[in-house]
Each structure stands twice: as C-alpha cells, then as structure tokens.
Amino acid sequence: MIAGTVLYAVATYLLMLAAFYHARVRKFHVPVMIAIMISDLLFPFYLVATRDWYQRLIVHEDILTFGVWMHLGAVVSLFVLYVLQIQAGLALVRGGETERTRKDHRAQGKTILIIRAFVIFTGALLVPGAESEGEAEEI
C-alpha cells in the first residue's frame, strides 16, 4: 500500500503540472504555485512532528545511507530553485516582463518539475516497506 505522504506529494505534483501548463491563467497559476511551495516548505516539519526520526536515523543508522543523503540533496536543490523561481516570478509580476526573464522563469519551472519528481521518488523509496510497517508503528 502506498503511504499517505507519497499520495499527497504525487497529488500536489499533478496540480503543479496543471498550473505549469496553464501559466497564462495567472489567477490559477500563481496561487497554486505559491500554495505548493509553502506546502513543500512545511512538509519537513510535518514529517518531523509525526515520525520518530531519532530512532530511524540514529539508532537504525539510516543517516549513513546513500538514499537519505541523495534525498536531502534533492530537497535542498528544490528549495534553492524555489528561491530563484520566486525572484523571476516577482520580476514578471512587477512589470519586468522581458523575454529573458520569461525564458528563465519557464526553464526554472521545468527544472523544478524534474527535481520535485526526483524528490518524491527518493522520498517514496525511504518510506518503510509493508513488511516492516508493524515494526515502524511500534517505534
């Protein structure tokens, strides 16, 4: 069975795809993108509040695995791209709609879609498997 957090991430990804392809409809595009970015920024806090990370990362030594570091690197990359995307989006909204700014914003958007898909994939790989769900719930 797929974890609820993975389903949530995939659903918001599909919504982000829709907002990306309907970028000309700014009343849809801007609020959806802002909401998803805020959701992504708050998601780690949710995970920390609802999971026993000390047990998983320190006791079980998952912090030493390549998958955890690959996921962390992808998340940091995504957040850096969000900052750049917000700067380019603000330039567009403020009237600096040059062809260069528009191309940068679109290219960053495509990169965000790729990196965010990678973040979701690596995060899904880190979800404990079905055979260890009972053990994970006991922790």
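Quick notes on this structure:
Each row is one residue, and each column tells you yes or no for (1) of a type outside the set (Lys, Arg); (2) under 10 Å from the mean Cα position of the chain (by Cα).
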{"residue": "VAL25", "(1), (2)": "yes, no"}
{"residue": "LEU41", "(1), (2)": "yes, yes"}
{"residue": "ARG56", "(1), (2)": "no, no"}
{"residue": "HIS60", "(1), (2)": "yes, no"}
{"residue": "GLY73", "(1), (2)": "yes, no"}
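- Taking the numbered list (1) modelled with pLDDT under 85; (2) of a type in the set (Gly, Ala, Ser); (3) assigned to a helix (DSSP H, G or I) in turn, ALA88 passes all entries but (1).
- In this entry, HIS105 passes the filter for residues that are surrounded by 12 or more Cβ atoms within 10 Å (Cβ to Cβ), free of Cβ contacts under 8 Å to residues at least 40 places away in the same chain and either at positive phi or touching a Gly at 6+ places or on another chain (Cβ under 8 Å) (or both).
- Filtered residues of the stretch 91-101 (kept if assigned to a helix (DSSP H, G or I) and loosely packed, with under 12 Cβ neighbours inside 10 Å): VAL93, GLU99, ARG100
- Residues that are touching a helix residue (DSSP H, G or I) at 6+ places or on another chain (Cβ under 7 Å) and touching a residue at least 12 places away in the same chain (Cβ under 8 Å), drawn from the stretch 18-39: ALA19, PHE20, ALA23, VAL32, MET33, ILE36, MET37, SER39
- Search result, residues across the stretch 41-61 that are touching a residue at least 60 places away in the same chain (Cβ under 8 Å) and within 17 Å of THR122 (Cα to Cα): ARG56
- Inter-residue pairs, beta-carbon under 8 Å, first at negative phi and in the stretch 62-73, second surrounded by 12 or more Cβ atoms within 10 Å (Cβ to Cβ) and polar (S, T, N, Q), 6+ apart: GLY67/THR122; MET70/THR122; HIS71/THR122
- Restricted to the stretch 44-85, and to residues there that are of a type in the set (Phe, Trp, Tyr) and more than 20 Å from GLY109 (Cα to Cα), the residue that is surrounded by the fewest Cβ atoms within 10 Å (Cβ to Cβ) is PHE66.
- Tally of residues being in a helix (DSSP H, G or I) and surrounded by 14 or more Cβ atoms within 10 Å (Cβ to Cβ) across the stretch 1-27: 11
- Filter result for ALA74 (farther than 18 Å from ILE34 by Cα, modelled with pLDDT of 85 or more and either touching a Leu at 6+ places or on another chain (Cβ under 7 Å) or among the small types (Gly, Ala, Ser) (or both)): yes
The values are calculated or read from the model by the stated rules, or taken from the named source; none is laboratory data. Owing to the predicted nature of the structure, the values given are computational and were not obtained by experimental measurement. Backbone-built Cβ (ideal geometry, glycine too); neighbour counts: all protein chains shown.
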